[in-house]
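The values are calculated or read from the model by the stated rules, or taken from the named source; none is laboratory data. A quick note: this is a predicted structure, and the numbers were derived from the prediction, not measured. Quick reminder, even Gly has a Cβ in these numbers, built from the backbone with ideal geometry, and neighbours come from all protein chains shown. Just so you know, the surface numbers come from the protein's heavy atoms only, side chains and all, with ligands and any DNA or RNA stripped out. Shrake-Rupley method; radii C 1.70, N 1.55, O 1.52, S 1.80 Å.
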Amino acid sequence: MPGLKLSVLIEYYPILLEGLLWTCILCAASIALSLVGGVPLALAGISRNRLVRWPCGFFVWLFRGTPLLLQLFLIYFGLPQIGIYLSPMVSGILGLGIHYAVYNSDVMRAGIVAVERGQHEASRSLGLSRAQSMRKVILPQALSSVTPALGNNLIALLKESALVSIITVPELTLSAQRAISETFRPFEFYFAAGAIYYGINYFLELGLKRVEMKTALSR
Amino acid sequence: MVKVINVYKRFGDNEVLKGINLEVLRGKILVIIGPSGSGKSTLLRAINHLETLDDGEIWIEKVQVNRPLKGRKFEKHINRIRQDMGMVFQHFNLFPHMTVMENITMAPMLLKKTARSEAEASARQLLAKVDLADKVNFYPAQLSGGQKQRVAIARALAMEPKVMLFDEVTSALDPELIGEVNKVMKKLAEEHMTMLIVTHEMRFAAEVADNVIFMADGVIVEEGPPRRLLHNPTQERTQRFLAEVFK
Amino acid sequence: MDYDLMARVFVYFAKAAWVTVQVSLLSVCLGLGLGLAAALCKLSPNRWLQIPARIYVSVFRGTPCLIQLFVIYFGGPQIGLQLEPFAAGVLGLGINIGAYMTESIRGAILAVDRGQTEASRSLGLSKGQTIRRVILPQAACLMIRPLGVNTIALIKGSSLVSAISVLELTYTAYRYISSTYRPFEMFMLSAMFYLLIITVASFLIQKLDQRFVLQQ
């Protein structure tokens, strides 16, 4: 039974750092996609047009009811079958982005619905159209009220990004596995990777707290 | 100016408006009083289509508000006609994420394509009119109830409406703040703005109204000039209501 | 869409679904136990109990579940822990979800009106008795929904144990995608079972929630 040899971390930390860089890129892109994608999905879910609402509802139900890993498999293995060839990194971004767009849309939809009815009435009674009223009055309030919940989703995204290592994206977890394949010391490297994730998580939470304070409506 | 013709409205099994007919001429002020549940707020809200009607017509000058159009066409129509009507709500409904100035200038800039400088100048004039010139860059959360309601009135006036609708605008205010709002409404009355006011305040009604309507259980029970209706009501229902109110 | 193929492998997915259910159930039990213990520790005035609990929650909510599973299964032998995939999976998932459940339980306990504690203490009950007899029964009602959310998350999270070779739904999907090159069909089969399991679980949680509310 081997025991622990922490010196391997000092030798191999460049590999982990490289993985960390890719994780940051991966997460930044996925977060952006999930936020941008969440808005139309949220609006589609409360559309008065059944042809828009039902497919949206089905899509949300499907992607909320199945694991991210399964969805990643669908994208990574399924798209080539219909002629779309994406790199693991792009597949990973797409998978994470779509999955969390769905979760974000739920949060945003709740925020939109929670905006007092009177706001809607006031803007409509001034003559604003439904779309203008949504854009200028409802959405700004909805989005700032759900910032904390969205923040939680982003933190969850960061942690679930480890899954894309399974579809061979060269991020932090896969880098740890590369180091392990050379040193046969899984405990040290997975532990180190965990510590690095913990660190990024910590900074992300700090950043989100600052954003929350800035966008709070109670001035 | 405003014509309500044979209007019916039900919420589920509950018939809230049972054949309402009324008319308000230009520059005149109509006050609607009545017990809770009489349908007076519903009627007011139906005039700018915040409530749909089951039957009947609503006309503003020569345009029918509840035209039988569908979809996009109706949307365009209703958005346009709402610009001619200003509404002030019981709970103010100011936009909390915008300053007072932004609350007032948003609609004119967006819908009438007014230039910012022009919109802001008009806004300042309106704020001066409602005695809030110094609150230009404040947020609604920083204002008292009475101040918020005055901003709400200024916001509605910024669109230069033909008629103003007031839905129990002082009901949510602390008593000492009611006066400042009433003062503004009196000013508007003196400028001959056409106004429909739903209120519980009888004294105010007596002062500003050209005509008073008493509603109960979805029908107009009695109608007439304030002096007559409030002091010598002919209908028993009206008498009962006023007796309770003036106790 | 190759329905024939789906029909042929259906039974394997059904068996795998049962494994998913087992893993989830056992992990939930472990998580509940850990969550309750840690919640009480976090609420305790005793620093020796509070600090480890806080560290537990912070570490296991702040790192990826996948990494936790890998540390236990692959790294375990280095510190004397040799576990079968299934056991490692249950342990890893249980410890992970326990950290989230700690917060759900703690939140519910804190939400019980302060007056309850005051009344109970003024009758002479000790802190422990107060918690056991007065607070927890009331908190139980409030925790069902957040714990329900945790449970659904766990069911989906159980897909991670496929990475340590537990023969559950996602592993089976991966296996058959590799051998049949029909990802859409395999996705549909797994999705179907996951949706079924989650729908049933949600239904049961809702029923539980309703029952407790009525008792109040």
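For B:Asp13, B:Asp84, give me the order by solvent-accessible area with a 1.4 Å probe, most accessible first, ignoring ligands, DNA and RNA. Could the numbers behind the result be given before it?
Details: B:Asp13 155, B:Asp84 25 Å².
The ranking, largest first, comes out as B:Asp13, B:Asp84.
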**Label-point gap, in nm, between C:Tyr3 and C:Thr199 - each point 7 angstrom along Cα→Cβ** = 1.9
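Where in region A:1-62 are there trypsin sites (Lys or Arg not before Pro) that are in a DSSP coil and have at most 16 other Cβ atoms within 10 angstrom of their Cβ?
Numbers: sites: A:Lys5, A:Arg48, A:Arg50, A:Arg53; in loops: A:Lys5, A:Arg48.
Passing both the DSSP loop test and the Cβ count: A:Lys5, A:Arg48.
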**Request:** Using just the alpha carbons, could you tell me how many Å³ per residue the convex hull of region C:1-85 encloses?
**Result:** 147
**Request:** For A:Tyr12, A:Tyr100, give the ranking by accessible area with the largest first, probe 1.4 Å.
**Result:** A:Tyr12, A:Tyr100
**Complete:** Carbon/sulfur accessible area of the protein assembly as shown, % of total, 1.4 Å probe, equals 60
**Spatially proximal lysines relative to C:Lys15 (Cα-Cα < 29 Å; intrachain offsets below 8 disregarded)** = C:Lys156, C:Lys207
**Request:** Can you check how the C-alpha radius of gyration of region B:73-160 compares to 2.2 N^0.38 Å, as a plain ratio?
**Result:** 1.06
**Prompt:** What is the Rg over Rh value, at two decimals, for region A:102-187, using alpha-carbon atoms and the Kirkwood definition of Rh?
**Reply:** 1.34
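Whenever you get a sec, line up B:Lys183, B:Lys70, A:Lys159 from highest to lowest accessible area (probe 1.4 Å, protein heavy atoms).
On the way: B:Lys183 120, B:Lys70 170, A:Lys159 25 Å².
Correct descending sequence by accessible area is B:Lys70, B:Lys183, A:Lys159.
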**Amide proton proximity set for B:Val221, modelled H, under 5 Å, gap of 5+** = B:Phe214, B:Met215, B:Ala216
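Kirkwood Rh, chain A, all Cα pairs: how many Å? Present the calculation step by step, with values, prior to reporting the outcome.
Values: mean 1/r = 0.0515 Å⁻¹.
Over chain A, the inverse of the mean reciprocal pair distance is 19.4 Å.
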**Request:** Enumerate the whole-percent occupancy of each 5 Å bin, from 0 to the last occupied one, for all C-alpha pair distances of region C:117-164.
**Result:** 5, 19, 16, 12, 11, 10, 9, 8, 6, 4, 1
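Taking R0 as 51 Å, what's the FRET efficiency between C:Arg114 and B:Lys62 from their Cβ-Cβ distance, rounded to 0.05?
Working: r = 64 Å, r/R0 = 1.25.
Efficiency, rounded to the nearest 0.05: 0.20.
On average, how much accessible surface per residue is there in chain B, in Å², for a 1.4 Å probe, leaving out ligands, DNA and RNA?
Values: 11360 Å² over 247 residues.
Roughly 46 Å² per residue, with all protein chains present.
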**Item:** Residue pairs, from the table B:Lys40/B:Lys183; B:Lys76/B:Lys113; B:Lys112/B:Lys135; B:Lys129/B:Lys183, whose Cα atoms sit over 19 Å apart
**Value:** B:Lys40/B:Lys183; B:Lys112/B:Lys135
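Full extension from B:Thr52 to B:Ala141: what is 0.36 nm times the residue separation minus their Cα-Cα distance, to one decimal in nm?
On the way: separation 89, 0.36 × 89 = 32.04 nm, distance 3.19 nm.
Gain on stretching B:Thr52 to B:Ala141: 28.8 nm.
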**Request:** Round to the nearest 10 and report in Å² the accessible area of A:Val36, as given by a 1.4 Å probe over the protein chains' heavy atoms.
**Result:** 100
**Asked** In bins 10 Å wide, starting from 0, what share of all Cα pairs of region C:3-215 does each bin hold, as a percent?
**Response** 8, 28, 30, 20, 10, 3, 1, 0
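Send over the semi-axes of region B:72-122's equivalent ellipsoid, whole angstrom and largest first, taken as the square roots of 5 times the C-alpha gyration tensor eigenvalues. Don't skip to the answer; put the middle values down first.
Values: eigenvalues 84, 56, 18 Å².
Here the semi-axes work out to 21, 17, 9 Å.
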**Prompt:** Where the centroid of each part is defined by its Cα atoms, how far is region B:162-224 from region B:83-161 in Å?
**Reply:** 20
**Message:** Among the complete DSSP H segments of chain B, which ones combine at least 15 Å of alpha-carbon extent along their axis with a mean Kyte-Doolittle hydropathy of 1.0 or more?
**Reply:** B:100-111
**Asked** In whole Å, what are the Cα extents of the protein assembly as shown along the three principal axes, biggest one first?
**Response** 102, 73, 51
**Asked** At the nearest 100 Å², what buried accessible area, both sides summed, do you get for C and A when the probe is 1.4 Å?
**Response** 3200
**Item:** Two-decimal ratio, region B:1-159, of alpha-carbon radius of gyration to 2.2 N^0.38 Å
**Value:** 1.16
